[in-house]
Structures are given as C-alpha cells and as structure tokens.
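Below is one structure; the comments refer to it alone.
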Amino acid sequence: MIGVKQMHKLDVVFFASLRESIGTDKVTIELEKETTIEEIKQIVAKLLDNPDPLFHEGIQASIDYNFARHTSKVNPQTVKEVAFFPPVTGG
Amino acid sequence: MVKVQKDDFNVADLYKDLCDNNQTGAVAIFIGRVRDFSHDSTKISHDSSFELEHYPGMTEHNLQQIVDEAHSRWDLHQVNVVHRVGELKVQDQIVFVGVSSSHRAEAFLACDFVMDYLKSRAAFWKKETQSGISKWVCAKEADETSLARWLK
C-alpha cells in the first residue's frame, strides 16, 4: 500500500551488569528502515526508566550473534536480534 | 566440537576424544579453573561463589567461529572447547581447550590462540560473590593486548 510504512519488529536484549543496572533483559522495538547500532541505542533509551548505563564506556553490541560496531547497520527485514552488554569476561 | 554446559567435564574423557586419529602426534590441553579471588589469603573462602552468565546462541556461535579460525590458520586434527556456565565455586574447572595435530608447534599455538579469543570474543560474563556481596568482573586490558599478538 502506498504511503503506509512497513514496520519490522526487532528484539533488543541485555546481559550481565547492563541487564541488572537498567532493570530489564529485553525490549522490542519497531524499525522501518536500516538503522545503526548507535541509533538503536537512542530508540531503546526512550523505553527505559534508567537508560544511562546503556551509554557507559565499553558497552558492546551484537547483531544476530556477531559482535558489531556502533556504526554497524541493522537491516530490520533480516535481523532478528540486537544485544547490548559489557565487555566479555569468560575463560 | 564446542559445548557450553552447566555440568563439570572429565579431562580424561576429553583427552581420549582428541586421540582417535592415528596421525595424532601432539595434543595440547588448557584447563581454566576458579581460583580463590578473595584478597585475604589467610581466610578460607567457603563463602565465595562465582557465576558465569552467557548469551545462549551467541556464545556457541562465537566459540565455533574461533575454532573454525584456528583450523584455517593451522593444520589441526581436532579443536574441542567445553565451557561451563552457571554457579561455580573455588577450585572448580571452568574451561577446557584441547587441540590435536600431527606436530606439537601447531597444537601449542592453536590452544593459546583459542584461549586468547575465547577471553575477549565469546559472550561470557563472570560475577563473583564474596560474603554476600556480588561484583561483576571487569575485562582486563591485558587480554586485549594478548589478542593483538594474533593479528595477521
């Protein structure tokens, strides 16, 4: 339909100290077009009571399980899940 | 083989798995363990515990990519990684990395490589609890420095 924007749902999940400090493990947003990780952060921040930790230095992101940069683009038609988390500490 | 599991692992069984090829001349194994993270070494840390969070799906994907990269860099027979998650205590085993190859040099290098990448490029997060106080472990700059050794 002309003039009707096609929106796509995207799950955004959080882990470890970030999940605890913002108080939720998941939000779902709707995107119309290709959006960068940095822009997704701004959209997500509006849905959170305490968004500040999302902007702490070192917070990393992934797009469908692959580590991503803040400038990486998310295609809402193909991407299922974006995640934000602190630096990893396995091993 | 990549496994993320709550249960402990048996090193003898995992070693045996690495030896099922009669061309295997070398096996390098690394085992990571929970050390006593209390700063007071005179105190017995019975009340210390340790929690490993992961991102189901991403963690396995990251580990498989690291294993694939090791195979592409060296001539290896097998690369097996087992990483535990959930609640762990001091002296528990956390991680197993085993590499088999024809010669020792590749096995040593690949084992070292996999551990460096696992530390900085796999979705795990550690949380320490001591006397009821929990603290997320911070990533070490030294781990990133160590990773830089492998840049092509």
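Points to keep in mind about this one:
- For the residues of B:115-127, the average number of beta carbons from a partner chain within 10 Å of their own beta carbon is 5.
- Area of A:Leu54 that stays accessible when all protein chains are in place (1.4 Å probe, Å², to 10): 0
- The protein assembly as shown, accessible surface, carbon-and-sulfur percent (1.4 angstrom probe): 49
- For A:Lys73, solvent-accessible area (1.4 Å; no DNA, RNA or ligand), Å²: 130
- Those residues of region B:134-152 for which accessible area with every protein chain present is at least 10 Å² below the isolated value (1.4 Å probe): B:Trp136, B:Val137, B:Ala139
- Based on C-alpha pairs under 8 angstrom that are at least 6 apart in sequence, region A:16-78 has a relative contact order of 42 percent.
- Value of relative contact order over region B:1-135, rounded to a whole percent, pairs C-alpha under 8 Å and six or more apart: 39
- Protein heavy-atom accessible area occluded, B/A pair - total, 1.4 Å probe, Å²: 1900
- Straight-line cross-link reach from B:Lys152 at under 19 Å between alpha-carbon atoms covers these lysines, not counting any fewer than eight positions away in the same chain: B:Lys119.
- Pairs beyond 25 Å (Cα-Cα), from B:Lys89/B:Lys135; A:Lys41/A:Lys80; B:Lys89/B:Lys140; A:Lys80/B:Lys89: A:Lys80/B:Lys89
- Proximal aspartates and glutamates relative to B:Lys3, as straight alpha-carbon distance under 13 Å, when same-chain residues fewer than 8 apart are discounted: B:Glu60
- Mean accessible surface per residue for chain A, computed with a 1.4 Å probe while every protein chain stays in place, in Å²: 57
- Residues in region A:50-73 occluded by at least 30 Å² - accessible area, probe radius 1.4 Å, against chain by itself: A:Tyr65, A:Asn66, A:Phe67
- 1.4 Å probe, heavy atoms, protein only - residues of region B:47-62 losing at least 30 Å² accessible area vs chain alone: B:Glu53, B:Tyr55, B:Met58, B:His61
- Over chain B: helical MRE at 222 nm, DSSP H runs n ≥ 4 each giving -39500 (n - 2.57), nearest 500: -10500 deg cm²/dmol
- Distance from the alpha carbon centroid of region B:129-148 to that of region B:70-95 works out to 18 angstrom.
- All aspartates and glutamates inside 12 Å of B:Lys126 as judged from Cα atoms, apart from same-chain residues fewer than 8 positions distant: B:Glu51, B:Glu53, B:Glu87
- Simple spin-label estimate for B:Arg104 and A:Gln6 in nanometres, 7 Å along Cα-Cβ: 6.0
- The 1.4 Å probe gives accessible areas that order B:Tyr15, A:Tyr65, largest first, as B:Tyr15, A:Tyr65.
- Accessible surface, per residue, of chain B when the full set of protein chains is kept, probe 1.4 Å, Å²: 54
- Solvent accessible area, Å² - B:Asp75, 1.4 Å probe, full protein context: 110
The values are calculated or read from the model by the stated rules, or taken from the named source; none is laboratory data. Here the structure is a predicted model, which means the values were calculated and not measured. Here Cβ is always computed from backbone atoms with ideal geometry, including for glycine, and neighbour counts include all displayed protein chains. SASA here: full protein model, heavy atoms, side chains in, ligands and nucleic acids out. Shrake-Rupley method; radii C 1.70, N 1.55, O 1.52, S 1.80 Å.
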